[in-house]
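What follows is a short report on a single structure.
The values are calculated or read from the model by the stated rules, or taken from the named source; none is laboratory data. Remember, it's a predicted structure, so these values are computed and weren't measured experimentally. All Cβ positions, even for glycine, are placed from backbone atoms using ideal geometry, and neighbour counts span all protein chains on display. These accessible areas exclude ligands, DNA and RNA; they are computed on the full protein's heavy atoms, side chains included. Shrake-Rupley method; radii C 1.70, N 1.55, O 1.52, S 1.80 Å.
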Amino acid sequence: MEGDCLSCIKYLMFVFNFFIFLGGSILLAVGVWVSVDPLGFREAVAVSPLLVTGVSVVLVLGALLFLLGFLGCCGAVRENRCLLLLFFMLILFIFLGELAAAILAFLFRENLTREYFSRELKRHYQGQNNSDVFTSTWNVIMTTLDCCGASGPDDFQQSLFRLLHPNQLLPEACCQGDGHLSEGGVEQCVSGGVAFRHSKGCYSALVEYFETYIYAAGALTIGVLTIELFAMGFALCLFRGIQ
């Protein structure tokens, strides 16, 4: 009976990790395909900072799922205790990282105020510097959510951005969204020559965005954590059952 139970766990783990491996392979292939510039597709992606970030996420996620699926499948088929232990440790590391991030977000949620984001934006935002993670992240947020600054366009007064770009009242990210330039073009917009449509602050836009998807995000998070727990349970049972 114990042998039948062990065989069932073995095949369940193989099937489970085969789909993880297959999904990771597809994501990795798509990410690599875009990165090697097929028929000028990379230039089209580069127009939107959100797509550039998305391609990077797809590559990292695909590689991680590919590795986890491979370790799980090989460990289950070959009944290799080392591979199963490595698979368990990787899943455990990811699980603890997600749990720590959730706890930190809960503990520091009261510090993430509108004033905090405005202050950090004034201190660190540099404009179109894509090599700076803070700056590039804010550019993605402003162009994606059609917003400007944390509280509004006034955040860029007396800021690091104005010191670096004294001739610009606003960054280019405030003058474009979804790949479309503001009326009058970027040059007139950043100089304050025309009205622009991103008058809403990004703090309010982010709050509205997360309120829309909070339940879906919560359900997805619970689902992912549950799958990871089952994966660790299967790996541990199979590890202990192999002599």
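Of note:
- At the residue level, LEU170 shows approximately 10 square angstrom of accessible surface with a 1.4 angstrom probe and all protein chains present.
- Accessible surface of SER151 - all protein chains present, 1.4 Å probe, nearest 10 Å²: 50
- Accessible area, probe 1.4 Å, largest first, for residues LEU6, LEU67: LEU67, LEU6
- Two-site FRET efficiency, LEU236 against VAL57, from Cβ-Cβ distance with R₀ of 30 Å, rounded to 0.05: 0.50
- Take GLU79: with every protein chain present and a 1.4 Å probe, its accessible area is about 80 Å².
- Distance (nanometres) between label positions extended 7 Å along Cα→Cβ at ARG162 and VAL15: 6.4
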